[in-house]
Amino acid sequence: MYNIIQHAHSGWAYLLLLVLGIATINSLIGWLGKKEFGNKDFSLALVGLIVTHIQLLLGIVLWIVSPYSSMLFNNTSEVMGNSGLRLLALEHPLMMIIGVTLLTIGYSKHKKKVISSGKFKMLGIFYTLAFVVVLSRLPWSQWLA
């Protein structure tokens with residue numbers, strides 16, 4: 001079961017990076033280019049939110065069934081002393097939760113704005129922050145190996 005969820009989580013991550021990157025760039029172009037907020041912009045932001053939340057759910061299930069979570073609770077000092085284990089058991093999950101939180105806040109705030117520049121600004125700021133947080137704690141060594 002662990003391997004199936006791990007492959008789903010890793011595969012979905014490629015989709016997440018693509019969609020979140022497109023949604024982030026679109027919001028920044030809209031904000032800085034003073035464009036009118038339309039259905040396409042709303043759809044990109046929503047798809048980015050949905051894909052990210054699905055990835056979060058997969059990640060939570062993966063973390064629960066992974067050996068890293070049990071190692072974290074059973075042998076904390078060993079996990080905290082090993083940067084690779086610490087990344088997978090603690091840093092990656094916590095930073096992804098922070099990233100999803102930032103994304104959700106930005107999406108919620110953009111809905112309350114009436115004018116296009118305000119909508120794009122909220123999405124641009126929060127989606128960019130979320131994207132940077134996500135990129136900062138990806139286990140790149142596993143992906144690029």
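The values are calculated or read from the model by the stated rules, or taken from the named source; none is laboratory data. Here the structure is a predicted model, which means the values were calculated and not measured. Every residue, glycine as well, gets a Cβ built from its backbone with ideal geometry; the counts of neighbours run over all protein chains shown.
A few points about this structure:
- Taken as a whole, the structure leaves Gly11 outside the set of residues that are in contact with an Asp or Glu (Cβ under 9 Å, 6 or more places away or on another chain), more than 14 Å from Val100 (Cα to Cα) and part of a helix (DSSP H, G or I).
- Tabulated pairs, region 55-76, first buried (at least 17 other Cβ atoms within 10 Å of the Cβ), second of a type in the set (Val, Ile, Thr), C-beta under 6 angstrom, 6+ apart or interchain: Leu56/Val100; Leu62/Ile5; Leu72/Val79
- Any hit, region 21-28, residues being hydroxyl-bearing (Ser, Thr, Tyr), assigned to a helix (DSSP H, G or I) and at pLDDT 95 or above: yes
- Qualifying residue in region 60-74 (condition: in a helix (DSSP H, G or I) and over 19 Å from Pro93 (Cα atoms)): no
- Unmet criterion (only one of (1) in contact (Cβ under 8 Å) with a residue 60 or more places away in the chain; (2) more than 13 Å from the chain's Cα centre (by Cα); (3) part of a helix (DSSP H, G or I)) for Glu36: (3)
- For region 77-107, filtering for residues that are in a helix (DSSP H, G or I), polar (S, T, N, Q) and under 23 Å from Ser136 (Cβ atoms) leaves 3.
- Residue selected from region 77-96 under the condition out of contact with any helix residue (DSSP H, G or I) (no Cβ under 7 Å at 6 or more places or on another chain) and of a type in the set (A, V, I, L, M, F, W, C), by the criterion surrounded by the most Cβ atoms within 10 Å (Cβ to Cβ): Leu87
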